[in-house]
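K.L.:
Structure incoming, see below.
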Amino acid sequence: WFEVAFTEPIDMKTQMMRCLGGALVAASAATAFAAATPCGRSDADTSAPSCASLPRMAPALLQRRSEVQQSGSLQVEGASPLTVLSWNVLYTNFDCCGGSANKREQLANVIAEADVAGLQECMSEDELQTALGERMSKAPNTDRSNCVFYNAGRVIFQGISGRQSLGDDVRDDDAERYFSWAKLSFEGRPFWVFSTHWCIDGPCIGSAGGLRHKASAERMLEKRRELGAVGLPMIITADANSHAFNYDMDDGVQVLLANGFEIAGRGPYAGGIDYIFVSKGDWSIGEQSVGPPGPALHQPFTVQLSLQESSPMHASPEVGDGRTSCEGFDRWPDIDGGVTCDSCTALVKTRPYGGRCDAYCASFGHVCMAAAEEMNEDCEVKSSHQCDEEIQGTSDMLCTCSSPQSSEPLSTTAPTEPHTDPMENAGTHAPVDTGNEPLTCQAYSQWPSIDGGVTCGASSCRALVLTEPYGNRCDKYCESFGHVCVAAAEEMNENCEVMFHAPCDVEIVGTSDMLCTCRSREVLQPTTPGPEGPAPTPVPTPEPMPVETTLDCCEPYSMWPEVDGGVTCDACTALVLTAPYGGRCDKYCESFGHVCVAAGEEMNEDCMVKYSEECDVAIQDTSDMLCSCRLPSSAGTCPVAPDPTPAPTPAPQTPSPSPAPGPSPGIEGKIEVQGRQVLVDGVPVHLKGVAWNPINKGGSHPSGLDFTGNVERDADIMASAGINAVRSYETINDTAVLDALWARGIWVLNSVYCNAGFATSSVIGKVNAVKYHPAILMWTIGNEWNYNGLYKGL
């Protein structure tokens, strides 16, 4: 063998000839190596050793060809695109489930038209391989749901393939869900194929299903990192079952789109639940074709994909004079809409990072170099900001992040001198270097729930902590002791080594502990905090905000999250950010174990009330709001806050029409169970109840659920029928709804934990929000126990 170097572009259609059955066909004539072999002649002796060895040498040959091509010494005309197929081939076509060889032959005739096929409900790769014969080759160990096949005449298998369960917590009642992978190469360039099938029914119905799809996508991305596939072109074929969750808005689909993928094609079945995703910047997307379903339910579809000559997205981009470099954008978390720019800059979501680019960059081990607000969901800068400055009033921001070893401040959109926070050395906290400013935190002896005493150094502000008490989220953990989450991660082996990073507000699932980096909240305050936190603003709080109470009724303000500008008032009231809580004070107070007693909009970034609002009503068109929060244990010991709206009509002792005899609902009632009877204040309650889940005609659960819009009419009908109790499928947390039911003598059995798709810690806020309302008789957990997943392990 020897190489021939061509100095001119070549248009040679001679291919590496098939030896001993044609094991190798190069995809382009530009493989000059074949020109030097005797195997290419029509009269060649294909039994010669030199020809027989060709199949074994194929991968090395194509790899060498790739090296020559990339060196620039060989110019190649573009090859024809790959035909990539995605198809749910239906499990009943396999022997396990009543299938036949004839049906698999029908499947094979369609699959063989592709270069790469990612299948779903493929129960046996060997059965399908028999039907395909030599037309396609299997990627080993990808069967039992998601087989991967390839055309060996066009694509080379790189020796890596397999499959993995997505986990019991993301399955449904039909089957355990899996994904498969294979590393292939085309034209000497390696790429990866993943195939998957996500859950559809039972515990995968409703919002819980969206969370299961999200976790499925995240686990596939984690496997991509484990395989070292990040930075290489990738294709994902999927039956995403996204029709229950608004198709492309499905949580799992959105995870892929936010992490460097785009939709290359979509099948027509069920409105478009079958997908082909590709890594952005790697592929040119061509024509899509759809075929008949044949013996399957889903229609097969193909997309023509061509590898681009370069993939700048996965390179380490260089800025200006080369001082700044960063990870490929596929490693950047929370990119909004996949928008990336030059100079290590991307459009990213603000909420998980408090609107601060320094916190964002630190979340994946980088240093912020510049921060800005964009013009129109693109890379054009509307306004520049300091890295440690909160960019408010927007859902996304432009962050420029650099690897620590190359971090020098940029002159394009940021001041040349890094901003220094005057609070960086306040107190006795231990600093941690994030590139722009040190973080500060409490001594580890003050950190709760540290797992096995594992901390990551006195200057790191990072510890291994238990997941369960905090719903597997580091933002909730850090908030629990008055800190702000800066970074979150899963550890490798009960130590400080990071397996993967996650946004602060994303659950790290499938583990009992997580690495949380927490910063003291005081560094965000504009003034030096006192022992209880920032000094209260000396402006009297007018009605209807509560007055003349003490901080015995609530936690010190230093423990309150998201206080805006350090503005605190009398009577357990503070000016807080709206965005993280949907503009609702009840959600804000619940976030740190309190109960909302009053809400309002402030006049001018102070404690003066512009107007009052119900706790559970969103205060809109503003970046902050005044919230009055109380500890649940303070009920009856603190002055009652004047209600900003007229109080609900007290429950009549005898509603009209009269409900069944029994005690009237009331907060003073003592509720107990004796034998098979429920008693309130010692009086047996005879419950006459219905399950109440009001959805208007044409709506669906849970998006169409409307307690507020239906309660007045429905409560009148129920009362007239003698009904005195309702049980909900979803949590009723609207006090106005509870008031309407209470006024008609109707108890509420409030559902707070429907299925195992939610963190158990989510119950705390639901209960705290309404547990003092007199209509509440019981809390219910579980719904349709053959679906909810709560029985597992019992």
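K.L.:
What's the carbon and sulfur percent of segment 217-263's accessible surface, probe 1.4 angstrom, rounded to a whole number?
P.N.:
49 percent
K.L.:
Please identify the GluC sites (Glu not before Pro) of segment 663-736 that satisfy two criteria: DSSP loop assignment and at most 14 other Cβ atoms within 10 Å. Which are they?
P.N.:
Passing sites in segment 663-736 are Glu668.
K.L.:
A further question follows. Using amide H atoms built 1.01 Å from N in the peptide plane, name the residues 5+ places from Asp564, or on other chains, whose amide H lies under 5 Å from its own.
P.N.:
The answer is Leu575, Val576, Leu577.
K.L.:
Another one. Could you list the trypsin sites (Lys or Arg not before Pro) in segment 666-737 that lie in coil according to DSSP, counting only those with at most 10 other Cβ atoms within 10 Å of their Cβ?
P.N.:
Hits after loop and neighbour filter: Lys670, Arg676, Lys697.
K.L.:
Hey, another quick one. Quick one: which residues, 5 or more positions from Asp143 or on another chain, have an amide H under 5 Å from its amide H? H modelled 1.01 Å from N in the peptide plane, none for Pro or chain starts.
P.N.:
Here the answer is Glu125, since their amide H atoms fall under 5 Å of that of Asp143.
K.L.:
If you don't mind, another one. Expressed in nm², what is the orientationally averaged projection area of the convex hull enclosing the Cα positions of segment 673-794?
P.N.:
One quarter of the hull surface, i.e. the mean projection, equals 9.0 nm².
K.L.:
For Ser512 and Val290, FRET efficiency with R0 = 51 Å and r from the beta-carbon atoms, rounded to 0.05?
P.N.:
It comes to 0.65.
K.L.:
Of Lys349/Lys382; Lys697/Lys766; Lys476/Lys587; Lys214/Lys587; Lys103/Lys138, which ones are farther than 20 Å apart at the Cα?
P.N.:
Lys697/Lys766; Lys214/Lys587
K.L.:
Could you list the GluC sites (Glu not before Pro) in segment 78-167 that lie in coil according to DSSP, counting only those with at most 15 other Cβ atoms within 10 Å of their Cβ?
P.N.:
Qualifying residues, ordered by number: Glu134.
K.L.:
While we're on this one: What is segment 358-405 by shape, rounded, prolate or oblate, if you read a ≥ b ≥ c off the alpha carbon gyration tensor as root eigenvalues and call it rounded for a/c under 1.5, prolate for a/b larger than b/c, and oblate otherwise?
P.N.:
Prolate.
K.L.:
Same structure again: So, with a 1.4 angstrom probe, what is the percent of accessible area on segment 144-205 that is carbon and sulfur?
P.N.:
So the carbon and sulfur contribution to the accessible surface is 44 percent.
K.L.:
Any chance you could look up the accessible area of Ser207 with a 1.4 Å probe, heavy atoms only, rounded to 10 Å²?
P.N.:
Probe radius 1.4 Å; accessible area of Ser207 about 60 Å².
K.L.:
Please give the net charge around Glu494, taking every other residue with its beta carbon less than 10 angstrom from that of Glu494, where Lys and Arg add +1 and Asp and Glu add -1.
P.N.:
-4
K.L.:
Roughly speaking, to the nearest percent, how much of segment 691-730's 1.4 Å accessible area is carbon and sulfur?
P.N.:
Taking all protein chains in place, segment 691-730 shows 50 percent carbon and sulfur surface.
K.L.:
Hey, can you find the accessible area per residue of segment 70-186 for me, probe 1.4 Å, expressed in square angstrom?
P.N.:
39 Å²
K.L.:
What are the residues whose amide H is under 5 Å from the amide H of Ser751, where those residues sit 5 or more places off or on another chain and H is modelled from the backbone?
P.N.:
Under 5 Å from the amide H of Ser751: Ser728, Ile732, Thr780.
K.L.:
Also, quick follow-up: Can you give me the solvent accessible area of Leu221 with a 1.4 Å probe, rounded to the nearest 10 Å²?
P.N.:
Accessible surface of Leu221 is approximately 20 Å².
The values are calculated or read from the model by the stated rules, or taken from the named source; none is laboratory data. Worth saying up front: this structure is predicted, and the values here are computed from it rather than measured. We place every Cβ from the backbone using ideal geometry, glycine too, and count neighbours over all the protein chains shown. Accessible surface areas use protein heavy atoms only, side chains included; no ligands, DNA or RNA. Shrake-Rupley method; radii C 1.70, N 1.55, O 1.52, S 1.80 Å.
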